[in-house]
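Below is one structure, written out as structure tokens, with a few remarks after it.
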Amino acid sequence: MDRPAIIRKTEQDLRVAPHLADYEGVRRGYSWAGAGQALAGLPGGALNIAHEAVDRHALGPLRDRVALRFVANEAPAIEISFAELARLTSRFANVLRQLGVQKGERLFVLAGRIPELYVAVLGSLKCGVVVTPLFSAFGPEPIATRINLGEASVLVTTDTLYRRKVKAWRERMPSLRHVLLVSDDGTPTREPDTVDLAGLMASASDDFATTPTSPDDVSLLHFTSGTTGTPKGAIHVHGAVITHHATGRFALDLHEDDRYWCTADPGWVTGTSYGIIAPLLHGVTSLVDREEFDAQRWYTLLEQERISVWYTAPTAIRMLMKAGAELARGHTYPALRFIASVGEPLNPEAVWWGKDVLGLPIHDNWWQTETGGIMIANTPAFDIKPGSMGRPLPGIDAAIVEHLEAEGEAPRVREIAAPGVDGELALRAGWPSMFRGYLNNEARYRKCFAGEWYLTGDLARRDEDGYYWFVGRADDVIKSAGHLIGPFEVESVLMEHPAVAEAGVIGKPDPIVGEVVKAFVSLKGGHAADEALRLDIMAHARKRLGAAVAPKEIAFLPMLPRTRSGKIMRRLLKARELGLPEGDTSTMEGGA
Ligand code: ATP
Ligand code: MG
């Protein structure tokens with residue numbers, strides 16, 4: 001179980017020369033203005049995400065390359081080239097024009113991962129309409145809440161989703177002027193007060209002059225995952241495309257001949273920034289799997305689709321680990337050269353599992369809906385310290401800060417220069433994909449900044465080599481007998497135990513020590529949740545963490561509560577433990 005603290009890259013790992021081979025050098029000479037030069041731009045300093053992602057390639061040598069390849073269980077694969085995507089998005093932009101939808105108006109898409117979703121997102125961007133993809137498994141109420149918060153005037157959805165989730169609520173969404181429906185069976189929809197999208201697309205023109213949006217024009221609204229409370233609507237701008245391009249290059253190491261798969265749904269920011277925009281910017285072919293998670297299927301896709309760069313999430317990796325190594329070893333992955341993960345802390349066990357089972361370690365990276373793009377990463381060129389989220393990318397200044405303000409005052413912080421100290425992770429404001437506000441919540445937005453720093457709400461520490469280590473969300477950190485305990489450290493140790501599939505750790509109020517550490521674990525198949533196992537896990541944790549930090553209580557759960565994007569919801573574990581109200585559960589898996 002004792003593994004080396006560092007995974008050194010080998011020549012085999014580096015067989016495709018990484019874009020960020022000279023980390024220090026590139027960082028030193030880096031400017032965002034310079035980075036913007038890599039994009040085509042539009043006359044007069046205009047910048048439009050769709051132009052960079054689609055039309056630029058449609059007009060050049062990559063025009064016939066497959067941009068998006070959709071696969072599903074029961075349907076043949078659908079491939080859309082860059083040229084075709086340019087035509088379809090122009091048609092969609094013309095449809096919006098004909099309906100009188102103006103630049104700056106808002107359009108929501110509620111659909112599974114179907115081609116129309118991608119066309120609607122990129123087509124909206126093309127004509128300066130602000131777009132929000134919504135996760136299709138949301139129930140009617142969270143959908144209506146978001147549409148109302150975003151004051152959307154257009155909704156693109158499918159026949160079925162409309163009937164099931166929108167129709168009965170339509171009157172409660174007064175801003176909605178147009179509902180465009182994608183038919184599920186090919187026959188034009190007959191729902192009153194809706195229009196059939198295919199019909200409009202068929203008669204629309206292929207020619208559309210991209211709206212010359214400014215880099216500060218709003219492009220996308222994205223809702224946060226709701227892990228810590230009610231989801232917030234983060235406002236993003238077209239200038240973000242500079243970050244999408246740079247991070248696609250440095251953090252995902254996209255090369256033109258890659259076959260790339262991002263497993264996130266576009267309903268979450270990862271599925272848009274890196275499931276739609278970044279790979280297209282790099283002229284890369286993206287796989288879109290229309291099905292839900294299935295371990296066997298995923299291994300088959302990695303193998304048969306010859307995926308070379310794979311971007312996934314800790315929750316998926318934990319599920320693959322739970323399904324057992326044998327399943328993974330039944331396939332080979334000769335094309336695979338880089339695996340990255342985001343969304344939650346990646347336990348060292350998971351990094352090693354990748355190396356043992358897929359032949360490649362998993363590269364953790366860190367960012368948020370608010371940052372719009374990857375900020376801190378393990379890139380292919382870096383040696384990995386399992387458990388660390390890596391180092392800040394070029395153009396990103398990160399710091400660990402401590403708060404100086406008194407309760408109720410505006411944030412005031414001081415940078416902690418010394419390595420090895422826990423504090424709040426802060427980023428120097430000003431990178432292009434930084435959010436520009438929370439919808440209808442200016443006060444909350446202002447609280448995210450202290451002078452030049454954007455405050456992330458996450459606690460971390462930096463080591464002497466400049467690697468950042470996630471400690472926990474500020475809300476989740478446990479204060480016990482004068483110690484600050486990060487749940488991640490405890491969970492990672494629990495995950496080392498051969499029976500443990502998942503762990504979530506909370507602080508439980510205690511009259512003597514303030515809080516005691518309580519762990520909830522779910523087990524891998526073949527293990528009985530009995531007292532002997534509980535004591536064994538407890539002993540393992542004590543040995544590794546010491547009595548002050550190890551959990552005092554361990555409870556078994558068949559499944560931990562999680563968001564639909566797969567994040568463990570510690571606030572729910574805590575609310576349930578303490579018998580408190582559960583709060584907003586709109587993003588909870590299996591929830592409303
Ligand atoms: P909400 O803000 O609504 O509570 P959320 O913070 O989960 O939800 P996202 O913006 O999707 O919404 O997630 C960003 C957060 O996810 C980060 O602030 C961090 O807490 C966590 N996170 C993302 N990547 C990593 C990572 N590599 N390591 C540790 N934590 C991560
Ligand atoms: Mg958040």
Intensity falloff of the range 119-201 expressed as log10 I(q)/I(0), Debye formula with alpha-carbon point scatterers, at q = 0.11, 0.15, 0.17, 0.21 Å⁻¹ | -0.27, -0.52, -0.67, -1.05
Can you grab the distance from the C-alpha centre of the range 174-206 to the C-alpha centre of the range 73-104, Å, no decimals?
-> 13
Translational diffusion of the range 279-387, µm² s⁻¹ [Kirkwood Rh, Cα pairs; Stokes-Einstein; 4 °C; 1.567 mPa s] = 89
Overall dimensions of the range 383-496 by Cα: Rg and Dmax, Å | 15.0, 43
Classified through the alpha carbon gyration tensor (a ≥ b ≥ c as square roots of its eigenvalues; rounded if a/c is under 1.5, else prolate when a/b is larger than b/c, else oblate), the range 485-584 comes out oblate
In the full protein assembly as shown, how much of H19 is accessible to a 1.4 Å probe, in Å² to the nearest 10?
-> 40
Leaving ligands, DNA and RNA out of it, work out the accessible area of D536 with a 1.4 Å probe and give it in Å² to the nearest 10.
-> 80
What's log10 of I(q)/I(0) for the range 49-102 at q = 0.21, 0.24 Å⁻¹, Debye sum over Cα points only, no solvent?
-> -0.79, -0.88
Kirkwood Rh over Cα pairs of the range 319-368 into Stokes-Einstein at 10 °C, 1.306 mPa s: D in µm²/s?
-> 138
Could you work out, for the range 102-145, what percent of all Cα-Cα pairs fall into each 5 Å distance bin, beginning at 0 Å and stopping at the bin that holds the largest distance?
-> 6, 24, 29, 19, 17, 6
Could you point to the residue in A503, G514, A234 farthest towards the positive end of the chain's charge dipole, with +1 and -1 charges on the Cβ of Lys/Arg and Asp/Glu respectively?
-> A234
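When averaged across all projection directions, what area in nm² does the alpha-carbon convex hull of the range 213-344 cover? Before the final figure, lay out the partial values.
On the way: hull surface 34.8 nm².
Averaging across all directions leaves 8.7 nm² for the Cα convex hull.
Please report, as a whole percent, how much of the solvent-accessible surface of the chain comes from carbon and sulfur atoms (probe radius 1.4 Å).
Details: 11620 of 22870 Å².
Of the solvent-accessible surface of the chain, carbon and sulfur hold 51 percent.
With +1 on each Lys and Arg Cβ and -1 on each Asp and Glu Cβ, and nothing else charged, work out how big the dipole of the chain is about its Cα centre, in Debye to the nearest 20.
Working: 65 positive and 74 negative charges, 78 e Å.
That gives the chain a dipole magnitude of about 380 debye.
At 0.36 nm per residue, minus the direct Cα-Cα distance, what do N148 and R63 gain on full extension? Give it in nm, one decimal, please.
Numbers: separation 85, 0.36 × 85 = 30.60 nm, distance 3.86 nm.
Computed gain between N148 and R63 is 26.7 nm.
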Quick one: Debye curve from the C-alpha atoms of the range 12-62, no solvent, what's log10 I(q)/I(0) at q = 0.29 Å⁻¹?
-> -1.03
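Pairs of Cα atoms under 8 Å, at least six residues apart: use those to get the relative contact order of the range 1-127, whole percent. Spell out each step's value before the answer.
Details: 96 pairs, mean separation 26.0, N = 127.
That works out to 20 percent.
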In whole angstrom, and with the biggest value first, how far do the Cα coordinates of the range 230-285 range along each principal axis?
-> 40, 24, 15
What is the Cα radius of gyration of the range 67-178 over 2.2 N^0.38 Å, N being its residue count?
-> 1.08
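Using the beta-carbon distance between E303 and R446 and R0 = 56 Å, what value does 1/(1 + (r/R0)^6) give for FRET efficiency, to the nearest 0.05?
On the way: r = 49 Å, r/R0 = 0.88.
Between E303 and R446 the formula returns 0.70.
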The Rg/Rh figure for the chain, Cα atoms and Kirkwood Rh, to two decimals is 0.95
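Calculate the FRET efficiency for D294 and R163 from the Cβ-Cβ distance with a Förster distance of 25 Å, rounded to the nearest 0.05. List each step's numbers first, then the result.
Numbers: r = 27 Å, r/R0 = 1.08.
Efficiency, from the Cβ-Cβ distance: 0.40.
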Heavy-atom accessible area of R8, protein chains in place, probe 1.4 angstrom, given in Å² to nearest 10, is 150
To the nearest 20 debye, what is the magnitude of the charge dipole of the range 531-573 about its Cα centre, counting +1 on the Cβ of each Lys and Arg and -1 on the Cβ of each Asp and Glu?
-> 320
Give the accessible surface of the chain per residue, rounded to a whole number of Å², with probe radius 1.4 Å and ligands, DNA and RNA excluded.
-> 39
Which whole-angstrom value gives the distance between the alpha carbon centres of the range 514-592 and the range 383-397?
-> 28
For W453, residues with placed amide H under 5 Å, excluding near neighbours = A429
Length added when fully stretched, A38-K355, from 0.36 nm per residue minus Cα-Cα | 110.7 nm
Mind checking which lysines have their C-alpha under 28 Å from K167, skipping anything on the same chain fewer than 8 residues away?
-> K103, K232
Specify the angular offset, from 0 to 90 degrees and rounded to the nearest 10, of the alpha carbon long axis of helix 115-126 from the longest principal axis of the alpha carbons in the chain.
-> 80
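Can you compute the FRET efficiency between E79 and E191 using 1/(1 + (r/R0)^6), with r the Cβ-Cβ distance and R0 = 51 Å? Round to the nearest 0.05. Kindly include the intermediate steps, with their values, before the conclusion.
Working: r = 30 Å, r/R0 = 0.59.
The calculated FRET efficiency here is 0.95.
Can you give the net charge of the other residues whose Cβ lies under 15 Å from the Cβ of T210, counting K and R as +1 and D and E as -1?
On the way: positive: R56, R87, R91, R97, K103, K126; negative: E52, D55, D206, D207, D217.
The answer is +1.
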Listed residue (A168, V421, W353) projecting farthest to the positive dipole end of the chain, Cβ model = A168
For T587, T300, the accessible-area ranking with a 1.4 Å probe, largest leading, is T300, T587
Mean shadow area of the range 38-131 over all directions, Cα convex hull, nm² = 7.0
Rounded to the nearest 10 degrees, what's the angle between the helix 314-323 long axis and the longest principal axis of the chain, both from Cα atoms, 0 to 90?
-> 70
So how much slack lies between Q12 and K479, counting 0.36 nm per residue of separation and subtracting their Cα-Cα distance, in nm?
-> 163.7 nm
Solvent-accessible surface ranking, highest first, for K9, K126 at 1.4 angstrom = K9, K126
Only Lys, Arg (+1) and Asp, Glu (-1) charged, at Cβ; the range 326-473 dipole about Cα centre in debye | 420
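The values are calculated or read from the model by the stated rules, or taken from the named source; none is laboratory data. Just so it is clear, the structure is predicted and the values come from calculations on it, not from any experiment. Positions of Cβ are backbone-derived with ideal geometry, glycine not excepted, and every protein chain shown enters the neighbour counts. Ligands, DNA and RNA are stripped out before the accessible areas are found, and what is left, the full protein with its side chains, is counted by its heavy atoms. Shrake-Rupley method; radii C 1.70, N 1.55, O 1.52, S 1.80 Å.
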